[in-house]
1. Given the conditions (1) surrounded by fewer than 16 Cβ atoms within 10 Å (Cβ to Cβ); (2) over 12 Å from the mean Cα position of the chain (by Cα), and given that Arg85 satisfies all but one, which numbered condition is not satisfied?
2. Count, please, the residues in the range 24-63 that happen to be closer than 20 Å to Val99 by Cα and touching a Leu at 6+ places or on another chain (Cβ under 7 Å).
3. State whether the residues of the range 37-48 include one that is in contact with a Pro (Cβ under 6 Å, 6 or more places away or on another chain), modelled with pLDDT of 95 or more and not charged (D, E, K, R).
4. Can you tell me which residues in the range 4-13 are without any contact (Cβ under 8 Å) to a residue 40 or more places away in the chain, in a helix (DSSP H, G or I) and of a type in the set (D, E, K, R)?
5. Looking only at the range 31-87, count every residue that is outside any helix (DSSP H, G or I), of a type in the set (Ser, Thr, Tyr) and in contact with a His (Cβ under 8 Å, 6 or more places away or on another chain) and tell me the total.
6. How about the range 97-145: which of its residues are closer than 23 Å to Val49 by Cβ, touching an Asp or Glu at 6+ places or on another chain (Cβ under 8 Å) and outside any loop (DSSP other than H, G, I, E, B)?
Amino acid sequence: MADHDRPLNNRGKRDAPRMGRLIAELALHPDIVLSSTAKRARSTAKRVVEAAGFTCPLELLDHFYLAPPDSYIDELRQQSPDCERILVIGHNPGLEQLVATLTDTYESLPTAALVRIDFDIESWAELPGEPKGQLQGVWRPKEMA
């Protein structure tokens, strides 16, 4: 089976809805969800959106599949300034590298981990700027009891 077509494993099936509920509890509802087209990423996105009760658009992006940080940043830069919060669903090592690029902090991100980064910017076009984004939290499913 091609990696792109690999399904979400049982841990991901269990953890994605948990993280969706956490996002809702934290009142971090996104204005848009950007996800890789890989089967496991699409399944994660669907489960998160359903569990959180999001009504925002879900955009599937081929170029997020195994993307380096610049691919994520290029896509974020194109988002409307009206989007205050964006949820990105993708793959490692690109997402770990993205967090490091945007915050100067390395974080290990297992399947279904959630990271919150706040930026002092007027427009997404300013990414990655100075000062860097502020890492506000990292939630890993294993650490949640």
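1. Result: Arg85 passes all but (2).
2. Within the range 24-63, residues that are closer than 20 Å to Val99 by Cα and touching a Leu at 6+ places or on another chain (Cβ under 7 Å) number 8.
3. Looking through the range 37-48, none of the residues is in contact with a Pro (Cβ under 6 Å, 6 or more places away or on another chain), modelled with pLDDT of 95 or more and not charged (D, E, K, R).
4. Asp5, Lys13
5. Final tally of qualifying residues: 3.
6. Val99, Val115, Gln136, Val138, Pro141
The values are calculated or read from the model by the stated rules, or taken from the named source; none is laboratory data. Note that the structure is a prediction, hence the values are computed from the model and not measured. In this analysis, Cβ positions are derived from the backbone assuming ideal geometry, glycine residues included, and neighbour counts consider all displayed protein chains.
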